[in-house]
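The values are calculated or read from the model by the stated rules, or taken from the named source; none is laboratory data. Treat the numbers as computed from the prediction; the structure is a model and nothing was measured. Methodologically, a virtual Cβ is constructed for each residue, glycine included, from the backbone with ideal geometry; neighbour enumeration extends over all protein chains shown.
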Amino acid sequence: MRAWIFSCLLLAAPVLAEQIDPRVYRALDDVRAAEQGGDQAAARLQLQAALPASAEGSLERALLQQRLAYMAIDAGDAEHAIHWLRESLNQHALGAEVEAQDRANLARLLMQQQRYRQAVMELEQLPTSDASRELLVQAYRELGEFSKALPLAEQVVRRRPEAGDIWYQLLVGMNYEIKRYSEAARWQQVLLTRAPDNRANWRQLASLQSLAGQQAKAAATMRLAQLAGVGLTPGDMETLVALHTRAGAPWQAARLLEQLLSDRLLDSTLERQRQLAQLWQAARDYPQALQLWLRVAAASGQSADRLQVAWLQYQQEQWQALQATLRGFQPSGTVQRNQVNLLRTLAEQALEVAQ
């Protein structure tokens with residue numbers, strides 16, 4: 001925890017001996033000696049013993065409490081660190097610059113403890129800077145308040161397009177989380193421009209374009225990656241299709257696979273045609289799925305593929321076509337036999353009613 005805090009901000013500005021009560025200065029000096037000797041417990045006790053000699057609202061009390069806070073940080077004790085930083089800030093005695101540093105550290109501790117609402121309250125009191133904006137954006141994001149987080153992040157990159165990648169990554173991530181895939185893709189394009197040799201950037205852009213319903217653009221992105229020498233492998237492309245499927249977006253997965261096959265970025269094997277048929281079926285585009293299953297069944301001659309055709313014909317109440325499909329059907333196993341018999345019965349009953 002200590003490294004995390006001090007990698008961002010300084011502890012405090014130096015204080016001259018003549019600025020504070022001599023007793024408190026000696027106590028702080030004794031504490032420093034105890035710390036250097038490795039006796040943290042003794043140092044903490046000395047600080048707490050010196051507190052009663054300091055007045056409320058005084059520089060002395062603020063310094064003692066601040067020192068207790070950073071000792072707690074050093075010990076990995078977030079709760080006491082938060083308590084003492086708040087107490088020190090309540091004294092309003094350390095000056096604006098030091099208090100801003102302490103408040104930012106307090107906000108970081110609160111975020112580390114997932115107390116995001118309290119962190120926001122502290123961050124909103126800080127002077128405006130990219131560092132405070134970044135923390136505020138992250139806190140709003142954790143709270144699900146994207147309407148507050150997104151404008152802040154956009155404000156930074158519009159004012160300073162050369163801002164660090166973290167800002168663009170935040171914009172991509174937040175837009176993705178609220179399903180604004182076109183916007184996410186727009187910001188991902190910036191990251192790709194900055195690091196065109198990074199294959200992950202190409203994959204991410206293609207995935208977001210596909211989720212946005214821009215399958216032709218996604219396929220074009222993959223082709224550009226190949227032309228740029230950062231070629232996406234067939235495995236990469238199949239992974240993108242699978243990601244959409246696992247994300248509960250079979251329509252996007254089907255459109256993407258269809259585009260990849262159409263653009264010959266993937267070979268149109270029987271297995272991939274079967275996968276495409278399954279995806280259209282999962283997306284409930286039954287006419288499209290049936291058309292593909294008919295081709296697959298004709299090419300494979302497998303009873304399982306023919307049974308898929310039969311079930312889709314049943315779903316669409318194509319009774320005569322269903323009877324034709326089942327005619328001469330040779331089921332493989334008891335389960336298929338039972339399904340075929342059920343479908344035959346349903347088709348016969350439906351045709352009788354129709355007559």
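For this structure, a couple of remarks:
- Scanning the stretch 69-93 for residues that are touching a residue at least 40 places away in the same chain (Cβ under 8 Å) and farther than 13 Å from ALA107 by Cβ yields a total of 4.
- Residues (farther than 18 Å from MET174 by Cα and in contact (Cβ under 8 Å) with a residue 12 or more places away in the chain) located in the stretch 118-129: ALA119, GLU122, LEU123, GLU124, GLN125, LEU126, PRO127
- Selection within the stretch 165-193 - farther than 22 Å from VAL120 by Cβ, surrounded by 13 or more Cβ atoms within 10 Å (Cβ to Cβ) and not hydroxyl-bearing (Ser, Thr, Tyr): VAL172, ARG180, GLU183, ALA184, ALA185, ARG186, TRP187, GLN188, GLN189, VAL190, LEU191, LEU192
- First in the stretch 318-333 and free of Cβ contacts under 8 Å to residues at least 40 places away in the same chain and farther than 14 Å from LEU290 by Cβ, second anywhere and among the charged types (D, E, K, R) and outside any loop (DSSP other than H, G, I, E, B), Cβ under 6 Å, 6 or more apart: LEU326/ARG344; PRO331/ARG337
Yes or no, residue by residue, for (1) of a type in the set (Ser, Thr, Tyr); (2) surrounded by 20 or more Cβ atoms within 10 Å (Cβ to Cβ):
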{"residue": "VAL120", "(1), (2)": "no, yes"}
{"residue": "LEU123", "(1), (2)": "no, yes"}
{"residue": "TYR140", "(1), (2)": "yes, yes"}
{"residue": "LYS148", "(1), (2)": "no, no"}
{"residue": "LEU152", "(1), (2)": "no, no"}
{"residue": "GLN155", "(1), (2)": "no, no"}
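- Only one of GLN215, GLN189 that is closer than 20 Å to ALA253 by Cβ and not charged (D, E, K, R): GLN215
- Residue match in the stretch 333-355 (condition: more than 24 Å from SER268 (Cβ to Cβ), at pLDDT below 90, out of contact with any Cys (no Cβ under 8 Å at 6 or more places or on another chain) and part of a loop (DSSP other than H, G, I, E, B)): yes
- Taking the stretch 90-130 as the range and being within 22 Å of GLU56 (Cβ to Cβ), in a loop (DSSP other than H, G, I, E, B) and not polar (S, T, N, Q) as the test, the residues that pass are HIS92, ALA93, LEU94, GLY95.
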